[in-house]
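Bear in mind that the values in this text are calculations on the coordinates, not laboratory data. As the structure is a prediction and not an experimental result, all values here were calculated from the model. In this analysis, Cβ positions are derived from the backbone assuming ideal geometry, glycine residues included, and neighbour counts consider all displayed protein chains.
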Amino acid sequence: MPTIEEAIQQPKFSSPGHRAQVNIIYTAAVLNQVTNRQLKPFGISLQQFNILRILRGRGSNPVTIKLLTQRMLDKMSNASRLVDKLKDKGLVIREECSEDRRRVDIVITKAGLELIEKASRAVEQARLNHFENLTNEEADQLSKLLDKLRGGA
């Protein structure tokens, strides 16, 4: 396994914090690329996968675009546009709320549930392959350190 210095061919960093920041960004990009490769056969993006997982977790309870935006991992994504693409694929339904016509509710379809189950299995297998290098204790420690780092954001 190459070090971050070897991976990006940079012999040194200005500080350990700088090295850690670059390492996190690079590693996130690698993990995203792996996940995108797993999702390609299903015809969905990582952001669409995230929306479908949120919807699956809500069961039959409708979700608003606002809630999706709040819960998405990628805060820069356009949730409304992503939902439109999922609707075009028959994976979600957009319904006007009967109590508030300005509100639009999003619900996952049966086809969406079937797709997210298959896609989730593929993504989970890739995660297992990548994280086999870490013990459960190391994964917990990494998560705690990342939580601590985000505390300053």
Based on the alpha-carbon gyration tensor of region 82-153, what equivalent-ellipsoid semi-axes (square roots of 5 times the eigenvalues) come out, in whole Å, largest first? 36, 21, 9
Over the residues of region 65-116, compute the C-alpha Rg and express it relative to 2.2 N^0.38 Å. 1.16
Region 63-73 - phi-based ³J(HN,Hα) in whole Hz, Karplus 6.51/-1.76/1.60, Gly and Pro as x: 10, 8, 4, 4, 5, 4, 4, 5, 8, 5, 6
May I ask for the net charge around GLN141, where only other residues with Cβ less than 14 Å from the Cβ of GLN141 are counted and Lys, Arg are +1 while Asp, Glu are -1? -2
Could you pull out every residue, at least 5 positions away or on a different chain, whose amide H is within less than 5 Å of the one on VAL92? Hs are placed 1.01 Å off N in the peptide plane, and Pro or chain starts have none. LYS87, THR109
By the DSSP-based rule, helices of the chain that are at least 27 Å long along the axis (C-alpha) and have a mean Kyte score of at least -1.0 are 16-39, 110-131
Percent of Cα pairs exceeding the 24 Å cut-off, where the set is region 4-127: 39 percent
Which lysines have a Cα less than 24 Å from the Cα of LYS87, not counting those fewer than 8 places away in the same chain? LYS40, LYS66, LYS75, LYS110, LYS118
